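Novice: Supplied in structure tokens, the structure appears directly below.
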Amino acid sequence: MSENAAPLVLYRCRTPTNFLCPCGAVARRLGRHGLEYRTERVPYSRRDRPEIVELTKQNRVPVLVDGDEVIHDSKRIRQYLDWKYAD
């Protein structure tokens, strides 16, 4: 990742593993592409996620912020990563 590139930020649930939820599937894909990213864990309760609602107008995670791009839904995020960061 270049120094000038905006960091990737993954908003995800508090599940501690990458194998039990859609958030983990996105984290694994980020790792597969060798991408550095910051993780922001959000509360389990959807009503306690105002930052997610502000970003996406909905309250579900995962959400990936890549510069000016905001992508939600694990399938869409993985497709985006494969498209943008394919070797």
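Rule-based calculations on the coordinates, nothing more; no lab input. Model, not experiment: these values are computed from the prediction. Neighbour counts are summed over all protein chains in view; Cβ atoms, including those assigned to glycine, are modelled from backbone coordinates with ideal geometry.
Novice: Please check: in the Gaussian network model of the chain (C-alpha springs, under 10 Å), which one of LEU30, LEU55, LEU64 has the largest mean-square fluctuation.
Specialist: Looking only at LEU30, LEU55, LEU64, the biggest GNM fluctuation is shown by LEU55.
Novice: How big is the charge dipole of segment 7-87 about its Cα centre, in debye rounded to the nearest 20, if each Lys and Arg gets +1 on its Cβ and each Asp and Glu gets -1 on its Cβ?
Specialist: I would put it at about 440 debye.
Novice: While we're here: Over the chain, with a Gaussian network built from C-alpha contacts below 10 Å, which listed residue (PRO22, PRO50, PRO62) shows the highest mean-square fluctuation?
Specialist: PRO50
Novice: Any idea what angle helix 22-32 forms with the longest principal axis of the chain, computed on alpha-carbon atoms, 0 to 90 degrees, nearest 10?
Specialist: That helix lies at roughly 20 degrees to the long axis.
Novice: Shifting gears a bit: Measure nothing but the geometry: give the 0 to 90° angle between the long axis through the Cα atoms of 74-84 and the longest principal axis through the Cα atoms of the chain, rounded to 10°.
Specialist: Long axis of 74-84 versus the principal axis of the chain: about 20 degrees.
Novice: Starting from the 7 Å offset along Cα-to-Cβ, what nm value, one decimal, do you get for the label separation of ASP82 and ARG41?
Specialist: Each label point is offset 7 Å from its Cα along the Cβ direction, giving 2.9 nm.
Novice: Here's a follow-up. On alpha-carbon atoms, Rg over Rh for the chain using Kirkwood Rh?
Specialist: 0.95
Novice: Next question, about the same structure. Please list, ordered by chain and number, the residues whose modelled amide H lies under 5 Å from the amide H of TYR37; skip anything fewer than 5 residues away on the same chain.
Specialist: none
Novice: Then there is this: Put +1 on the Cβ of each Lys and Arg and -1 on the Cβ of each Asp and Glu in the chain; which of TYR37, ASN18, LEU55 then has its Cα farthest toward the positive end of the dipole?
Specialist: ASN18
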